[in-house]
Amino acid sequence: MKICIFGAGAIGGYMGVKLAQAGADVSLVARGPHLAAMKASGLSLIEEGEKTTVEVNASDDPADLGVQDYVIVTLKAHSVPPVVPKMQPLIGPQTTIVSGVNGVPWWYFHKLGGPLEGTRLETVDPGNAQWDGFGPDQVLGCVVYPAAEVSEPGVVRHIEGNRFSLGEPDGSRSDRAKALSEALSSAGLKAPVRPRLRDEIWVKLWGNLSFNPISALTHATLDVLCTDPGTRAVARDMMIEAQQIAEKLGVKFPIDVDRRIDGGAAVGAHRTSMLQDLDAGRPMEIDALLGSVQELGRITDTETPVIDTVLALTKLRAKTAGLYGQT
């Protein structure tokens, strides 16, 4: 089994080291100083205070790596459509594209059934770049739970979590899903195959669509924005709007809104990924985490006044920092 991780930053690097340690035939696509460090000295993982280094097959040119059985995409959502042409050397007729990207996935309406079957989402797949470039039949969904960071080029620090939930768009337990689950499990990662992956997508998205932009606007950490009465109320209103959309699409939430917000508060003084990107001068994941939910509101004829307001403010915040519409 040949596995390529496309976008081997923090999460992709963490997964890559774990797979390499388990003896998997894994390759990594990365760029810049991080790639140079991996080529020179291998890829290191700091986990539970211990540092492990593995030699990896890494390149910035997918043509160097050849056709794969699985291509696990761990880029930020806005970075994927522009690189679809570059990914083609990795993809053959039997290749599975594993979409480990935050937010509403571009394939969301593939094999969902009902009147919206096959609907395309412009916010996460402008110009149908992925729908046409990959084809949704080759996609396996993935919800990424671990937290990690690139502490320096060539070094990934694992913070918490080791679960990568997998799911077919039609909810089946396919051979390709089970095979990848076994490969990830053998590397010490949790990889359950879920029949209702969209439910998990929404529970994670619930927090991302509210906590991330609010933190970028206020610079507050999770414990503060989830307990301050004003920002908690804004987050709650956004989540209620999102829940109304999701339930129209058949999603079942296993927890309620207040428990989800309490869970965010329990994380403590955590700076969300969007706030980290803002502070570091990196493009912010606005469309995948927030714009896509607004688009789904329009598709389902659901009003989203609070989401609309926060989205407008966050977009302008990103634009004034030069961090919107970049890859």
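The values are calculated or read from the model by the stated rules, or taken from the named source; none is laboratory data. What you see is a predicted model; the values in this text were computed from it and never measured. Because the Cβ atoms are built from the backbone with ideal geometry, glycine has one as well, and the counts that use them run over all protein chains shown.
For segment 117-159, the set of residues classified as at pLDDT 95 or above, in a loop (DSSP other than H, G, I, E, B) and over 28 Å from Gln276 (Cβ atoms) consists of Glu117, Gly118, Thr119, Arg120, listed by residue number.
Of all residues in segment 239-286, those satisfying the criterion of being in contact with a Lys or Arg (Cβ under 8 Å, 6 or more places away or on another chain), surrounded by fewer than 20 Cβ atoms within 10 Å (Cβ to Cβ) and within 15 Å of Cys226 (Cβ to Cβ) are Val257, Asp258. The number of residues in segment 4-39 being β-branched (Val, Ile, Thr), over 16 Å from Pro146 (Cα atoms) and either touching a Ser or Thr at 6+ places or on another chain (Cβ under 7 Å) or not assigned by TED's automatic domain parsing to the domain that holds Pro146 (or both) comes to 1.
Selection of segment 69-94 for residues being touching a residue at least 40 places away in the same chain (Cβ under 8 Å) and either within 19 Å of Lys2 (Cβ to Cβ) or not assigned by TED's automatic domain parsing to the domain that holds Gly16 (or both) yields Asp69, Tyr70, Val71, Ile72, Val73, Thr74, Met87, Gln88, Leu90, Ile91. Restricting segment 118-161 to residues that are closer than 25 Å to Pro82 by Cα and charged (D, E, K, R), which is surrounded by the most Cβ atoms within 10 Å (Cβ to Cβ)? Within segment 118-161, the match that is surrounded by the most Cβ atoms within 10 Å (Cβ to Cβ) is Asp125. Taken together, Ala235, Ala191, Ala179 contain a single residue that is over 20 Å from the mean Cα position of the chain (by Cα), surrounded by 20 or more Cβ atoms within 10 Å (Cβ to Cβ), more than 19 Å from Thr300 (Cβ to Cβ) and of a type in the set (Gly, Ala, Ser), which is Ala235.
Within segment 290-309, is even one residue modelled with pLDDT under 95 and either in contact with a Phe, Trp or Tyr (Cβ under 8 Å, 6 or more places away or on another chain) or surrounded by fewer than 16 Cβ atoms within 10 Å (Cβ to Cβ) (or both)?
For segment 290-309, residues modelled with pLDDT under 95 and either in contact with a Phe, Trp or Tyr (Cβ under 8 Å, 6 or more places away or on another chain) or surrounded by fewer than 16 Cβ atoms within 10 Å (Cβ to Cβ) (or both): absent.
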